[in-house]
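No lab work stands behind these numbers, since they all come straight from the coordinates. For clarity, every value in this text was computed on a predicted model and none was experimentally measured.
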Amino acid sequence: MTNEPSDWHGVAFLPIAGARARNLQPMTVPALRRRNLAWTERTVAALLGQPDAQMRNPSGGRARVYYLARVVAAEATAEFAELASRR
């Protein structure tokens, strides 16, 4: 494994092994919705705020990318649990 960045839809990510790589797994908003329907635009803005990165969207524009570690931490909050219970 080299330390050269790899291009993932326009975002450079360094190859990292193990648990750290899983924590830095990039997730777009549609991926968040597939993970849990409680992730709405409002929930993303309130709990995650600014994206960790942006990437080219194949259908045009830019896609916001959030790292899995931040998503998991947000899902562990009482605020997220309350929002998820409403769905």
Taking amide H atoms as placed 1.01 Å from N in the peptide plane, list the residues 5 or more away in sequence, or in a different chain, whose amide H sits under 5 Å from that of residue 53. 65
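Compute the length gained on full extension between residue 53 and residue 76: take 0.36 nm times their separation in residues and subtract their Cα-Cα distance, giving the result in nm to one decimal. Present the calculation step by step, with values, prior to reporting the outcome.
Details: separation 23, 0.36 × 23 = 8.28 nm, distance 2.21 nm.
Answer, rounded to one decimal: 6.1 nm.
Would you kindly state how much longer the chain becomes between residue 69 and residue 36 on full extension, computed as 0.36 nm times their sequence separation minus their alpha carbon distance, in nm to one decimal? Could you put the intermediate results ahead of the total?
Numbers: separation 33, 0.36 × 33 = 11.88 nm, distance 1.51 nm.
The span from residue 69 to residue 36 would gain 10.4 nm if fully extended.
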